[in-house]
């Protein structure tokens, strides 16, 4: 009888962790510092309420695959919490690897990184970014993610820990309510739905690659099976101007909001990635094909947020 795969998801109550928990088949362990998320629909899930730095060999003894989603997600930490990115993204990753190296059977680690590690190299060279493109992290957040990638690769070589590094583009879709620009599309949909002003940095013509959460989960499941101690750039392969996205949101939500253009904050000019476009030929080569277009994905997002607001009344 085939053994069910046992998964551990760090940051398992976050946006991506929740989506994975609802899709994976097998035994699922969610590790989180926060209380259990209502968004996780499955009932047969084990919860470990602790930080990554407290993981023990006992926690991982029968785990086959670790989705390492726990991470900071804010460039602004450097202004008030300058050690947080390193403590979370690097030190906690090292602790996880230290535990894994002593296990008789090493679990496969799928590490979620970010396209921010490339900096503004697309803007400089106007060549679509690939896995082989040079990196140039502009913030402490992206530098710490790139460092974590290198540490995982090192432990993989030293201790034969299987891994996959997935550099994600802009991921969007249904999730907990965004109260600021970190969940940027959700943030703008929520404001648009209630008629609040939509403030766009600069002229809004910077380009990004947007991938729906459902497509991301499909991509990660393919990487789990076919990725072999290597790096993949995970996105849609399509590049869209941000202002086009905002106008689509405005139309889909039948919004009365005003769209206004505001100066780019000085800090954002220093750490921000502006234009970005990528080539996902490596992902396509292992069978990944994005299924949800931006138009369909945005409609699903707008419909979901509008429905949640109706239910709140």
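A short reminder: the numbers here are calculations on the coordinates, not readings from a lab. Because the structure is predicted, anything quoted here is derived from the model rather than measured. A quick note on method: Cβ atoms are made from the backbone with ideal geometry, for glycine too, and the neighbour counts reach across all protein chains shown.
At 7 Å along Cα-to-Cβ for each site, give me the label-to-label distance between residue 205 and residue 22 in nm.
3.8
With just the Cα atoms of the chain, tell me how far they stretch along each of the three principal axes, in Å, largest first.
Taking the Cα atoms of the chain, the three principal extents are 59, 47, 41 Å.
Please arrange 249, 9 by counting, for each residue, the other beta carbons lying within 10 Å of its beta carbon, fewest first. Provide the component values of the computation, followed by the final result.
On the way: 249 24, 9 27.
Ordered from fewest to most neighbouring Cβ atoms within 10 Å, 249, 9 come out as 249, 9.
Springs between alpha-carbon atoms under 10 Å, Gaussian network over the chain: tell me which of 281, 33, 58 tops the mean-square fluctuations.
Evaluated over the chain, the most mobile residue of the options is 58.
Could you give the length gained on full extension between residue 269 and residue 284, defined as 0.36 nm per residue of separation minus the Cα-Cα distance, in nm?
Separation in residues times 0.36 nm, less the Cα-Cα distance, equals 2.1 nm.
Angle between the Cα long axis of helix 213-226 and the longest principal axis of the chain, 0 to 90 degrees, nearest 10?
Tilt of helix 213-226: around 30 degrees.
Could you list 131, 57 so that the one with the fewest beta carbons within 10 Å of its beta carbon is first and the one with the most is last? Let's see the in-between values first.
Details: 131 16, 57 12.
Fewest to most other Cβ atoms nearby, the residues stand as 57, 131.
Of 81, 196, 145, which has the largest mean-square fluctuation in a 10 Å C-alpha GNM of the chain?
81
Can you sort 31, 60, 252 from fewest to most other Cβ atoms within 10 Å of each residue's own Cβ? Let's see the in-between values first.
Numbers: 31 28, 60 22, 252 19.
Neighbour counts put them in this order, fewest first: 252, 60, 31.
Could you pull the Rg and Dmax for segment 63-214, using just the Cα atoms, both in Å?
Looking at segment 63-214, its Cα Rg and Dmax stand at 17.5, 57 Å.
Would you mind getting me the FRET efficiency between residue 79 and residue 154? Use the beta-carbon distance for r and R0 = 45 Å, nearest 0.05.
Rounded to the nearest 0.05, the efficiency is 0.90.
Using a Gaussian network model of the chain with C-alpha springs under 10 Å, which one of 236, 80, 21 is most mobile by mean-square fluctuation?
80
Mind giving me the nanometre distance, one decimal, between the label points for residue 291 and residue 41, set 7 Å out from Cα along Cα→Cβ?
Simple spin-label model gives 1.4 nm for this pair.
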